[in-house]
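First up is the structure itself, then whatever we jot down about it.
The values are calculated or read from the model by the stated rules, or taken from the named source; none is laboratory data. What you see is a predicted model, and the numbers here were worked out from it, not measured in a lab. Here Cβ is always computed from backbone atoms with ideal geometry, including for glycine, and neighbour counts include all displayed protein chains. Accessible surface areas use protein heavy atoms only, side chains included; no ligands, DNA or RNA. Shrake-Rupley method; radii C 1.70, N 1.55, O 1.52, S 1.80 Å.
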Amino acid sequence: MNIFLKLILKDIRSTFSGGSDAGAAILFYLLAIIMFPLGFGSDNQLLAQVASGAIWMAALFSSMLSLDRVFRSDYEDGTLEQMVLSGISLEFIIITKCFSHWLTNGLPIIILSPIMAIIIGLDIQYCWILIMALLLGTPSLTLIGAAPAALSCTVGKGGVIITMVVLPLMLPILILGSGAITAEIKGMGGIGHLYVLAAIFPISAVIVPFLASKAIRLGWE
């Protein structure tokens, strides 16, 4: 547990000391939602219908924008290899880095989402399911993006690899997350969508660290 906390604090300090990517990703999330109503006019009913999709689209692309920084700096300066040589499991390091990414990207999105939802026209009574969907879905966005982010370190084309590989894999999270809110608004109940999101997270947490570690070791070989 002590090592886990030290690694997370290291990553968070690194993010805030030189973390223009993290700030840009959150800024993108805010601007995308604030500017979204400009494309739909002042029809509040229409805005309420598309609000869930807009918030989730902004969250997805915000996560993608900041994924490239998860491993790259430590991979390029040799810090990642030194940590492995010191006896720390690479899979364990990957889990801590994913958690750090979620703390600096997913968690701020969740905290800001009720305010953004009200701005875009979503009724405040549905904010609870929005928060629950993001709470269950944003960790999966980080985990699903971790393996392509690790692969991008070895091939040196981060933006292209992450966009091409991650986007199709993240679409189910987007569909389920926005679908939960839409179903709740229509009175059909969005709990079923939340159950599926809750099932995807542990599956991703088990599979992704091994895939990401394989990709990183491929670069070292």
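Couple of notes before you dig in:
- Hits in region 68-82 (condition: open to solvent by less than 40 Å² (accessible area, probe 1.4 Å), at negative phi and not in a helix (DSSP H, G or I)): 70, 71
- Test for residue 209: is it open to solvent by less than 10 Å² (accessible area, probe 1.4 Å), within 18 Å of the chain's Cα centre (by Cα) and within 23 Å of residue 10 (Cβ to Cβ): yes
- As a summary of the residue check, residue 190 satisfies the conditions (1) more than 17 Å from residue 71 (Cβ to Cβ); (2) crowded, with 24+ Cβ neighbours inside 10 Å; (3) within 17 Å of the chain's Cα centre (by Cα) except for the one numbered (3).
Conditions tested, residue by residue: (1) at pLDDT below 80; (2) open to solvent by less than 50 Å² (accessible area, probe 1.4 Å).
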position: 1; (1), (2): yes, no
position: 12; (1), (2): yes, yes
position: 20; (1), (2): yes, no
position: 36; (1), (2): yes, no
position: 53; (1), (2): no, yes
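- Filtered residue count, region 84-102, keeping only those that are open to solvent by less than 50 Å² (accessible area, probe 1.4 Å) and under 19 Å from the mean Cα position of the chain (by Cα): 9
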